[in-house]
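Reading through the structure tokens given below for one structure.
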Amino acid sequence: MILSASILSADFGHLERDARAAVEAGCEWLHIDVMDGHFVPNISLGVPVMRGLKSLADETGTLLDVHLMIAEPERYVEDFAEAGASVITVHQEATPHLHRVVQQIKETGAKAGVALNPATPPYLLEELLPDLDLILVMSVNPGFSGQAFIESSVRKIRRIRGLIDTLGAGALIEVDGGVKPTNARALVDAGADVLVAASAIFRGDGSISENIAAFQQAVLRTA
Ligand code: DX5
Ligand code: ZN
């Protein structure tokens, strides 16, 4: 299980400090939520802020996992790749030219991901699945951290795991939204490879490292 710490709930006044704490506690990926106030009803951050994390990522071998919740993502793929993105995920719902954007991402050398909103069925990815490095299952409606996990996402993860295994495809399954130590084991059991967490890591009950340890223990405990 890879834990991707979503910086959306970090202290932006001390972003490097919080991101470093997450990496040192065992997060192999940092999840960067980019919102445009159009595709989703919130505005978060963009390329300049991400660039500020590049030296930490380079120094520690951390992957910058960029989740683009923006309309017309094809306009910005190269900018995020140049800023240090290792994974670039676009939304299925954000472009009619998904195949083209996926190829565009791969040409930059980044891994290509596609995110599905809660209402979007997995079969829409069937055609493209062999080309994908990652499928991001949104387990909340995108736009904000701190929302409640949508329980039907577990069944959706299982269905996507089945599709991937049937096709012999290599895509990772990432889950994003309402992920906590209390549901982490069920998500991994359903087939998730990467868990994203914002509030449970940066605004949980303990310190950042204690909150990350709680995830690690939850996944190991009932394995
Ligand atoms: C929501 C973002 C998530 C968010 C998760 O649109 O894509 O990455 O930061 O926040 P939590 O873990 O608090 O649900
Ligand atoms: Zn996200």
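The values are calculated or read from the model by the stated rules, or taken from the named source; none is laboratory data. Owing to the predicted nature of the structure, the values given are computational and were not obtained by experimental measurement. With ideal geometry, Cβ positions are generated from the backbone for all residues, glycine too; neighbour counts draw on all protein chains shown. Surface accessibility is based on the protein's heavy atoms, side chains included, excluding ligands, DNA and RNA. Shrake-Rupley method; radii C 1.70, N 1.55, O 1.52, S 1.80 Å.
Placing a label point 7 Å from the Cα of Leu124 along the Cα-to-Cβ direction, the residues of the range 44-72 whose backbone N falls under 17 Å from that point are 68-72.
Solvent exposure of Asp189, expressed as accessible area, is near 100 Å², computed with a probe of 1.4 Å over the protein chains only.
GNM on the chain, alpha-carbon springs under 10 angstrom: the most fluctuating residue among Ala192, Ala25, Ala112 is Ala25.
If R₀ is 30 angstrom, what is the calculated FRET efficiency for the pair Glu210 and Glu59, using the beta carbon separation as r and rounding to 0.05? Calculated value: 0.80. Remark: spin-label model distance His14-Ile2 equals 2.8 nm, labels positioned 7 Å along the Cα→Cβ axis. Using only the alpha carbon atoms of the chain, find the Kirkwood hydrodynamic radius as the inverse mean reciprocal pair distance, in angstroms to one decimal. In the chain this quantity evaluates to 17.2 Å.
Cα centroids of the range 197-218 and the range 1-21: 11 Å apart.
The Cα center of the range 146-181 and the Cα center of the range 87-135 differ in position by 15 Å.
Temperature 4 °C, viscosity 1.567 mPa s: under these conditions the Stokes-Einstein estimate for the range 129-191, based on its Kirkwood radius over C-alpha pairs, is 107 µm² per second. Just to confirm the filter: which GluC sites (Glu not before Pro) across the range 86-148 are DSSP coil and have at most 16 other Cβ within 10 angstrom of their Cβ? For GluC sites (Glu not before Pro) across the range 86-148 that sit outside H, G, I, E and B with at most 16 neighbouring Cβ atoms in 10 Å, the list reads Glu126, Glu127.
With K and R counted +1 and D and E -1, the other residues having a Cβ less than 15 Å from that of Val23 yield a net charge of -4. Where both bridge residues fall in the chain, DSSP classifies roughly 5% of the beta bridges as antiparallel. If the chain linking Gln147 and Glu24 were pulled fully straight, counting 0.36 nm for each residue of separation and taking away their Cα-Cα distance, it would gain 41.7 nm.
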